[in-house]
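The values are calculated or read from the model by the stated rules, or taken from the named source; none is laboratory data. What you are looking at is a predicted structure, and each value in this text was computed from that prediction instead of being measured. Because the Cβ atoms are built from the backbone with ideal geometry, glycine has one as well, and the counts that use them run over all protein chains shown. Accessible surface areas use protein heavy atoms only, side chains included; no ligands, DNA or RNA. Shrake-Rupley method; radii C 1.70, N 1.55, O 1.52, S 1.80 Å.
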Amino acid sequence: QVQVVESGGGLVQPGGSLRLSCVVSGSIFSIRAMGWYRQAPGKQRELVATITSGGSTNYADSVKGRFIISRANAKNPVFLQMNSLKPEDTAVYYCNAGTAARTYWGQGTQVTVSS
């Protein structure tokens, strides 16, 4: 089992920055990749960024050049540095951790970009 907990959301003005954190516990040795997803009201959940256990990263086109996914050590915690935020980045942001058997999700953290 793996537990996933996000933190760091909040209200920020357009052009501002936020850093989200994702802490995993439990059988973290089994994690192959972690990622950040987001879901805006009335929309489907979408990929934001992922990072594999080997350190390879992948980003949605909408956040390339603005967001950076990273991790403190081998797997934990994983950060999402969000810069140049736009109102359309407003969403609940979810962290997930993937093993060979399944994907574990956190409860999400709200990010609101508004003046």
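Just a few scattered comments:
- Value in Å of the Kirkwood radius, where the chain supplies the Cα pairs that are averaged: 14.0
- Taking the chain and dividing mean pair separation by its residue count, relative contact order in percent (alpha carbons under 8 Å, at least six apart): 37
- Charge context of ALA60, other residues only, Cβ under 14 angstrom, K/R +1, D/E -1: +2
- Sparsely packed loop sites in the stretch 9-115 (the trypsin sites (Lys or Arg not before Pro) outside DSSP H, G, I, E and B with at most 13 other Cβ atoms within 10 Å) comprise ARG32, LYS43, LYS64, ARG102.
- Its Cα centre serving as origin, the chain has a Cβ charge dipole (Lys and Arg +1, Asp and Glu -1) of approximately 180 debye.
- Positive dipole terminus of the chain, leading residue within SER30, SER17, ALA40 (C-beta point charges): SER30
- Close amide H pairs (under 5 Å, H built 1.01 Å from N) link SER27 with VAL2, GLN3, residues at least 5 positions away or on another chain.
- Proximal charge balance of TYR37 [Cβ under 11 Å; K/R count +1, D/E count -1]: 0
- The heavy atoms of THR103 present about 60 square angstrom of accessible area, all protein chains included, probe 1.4 Å.
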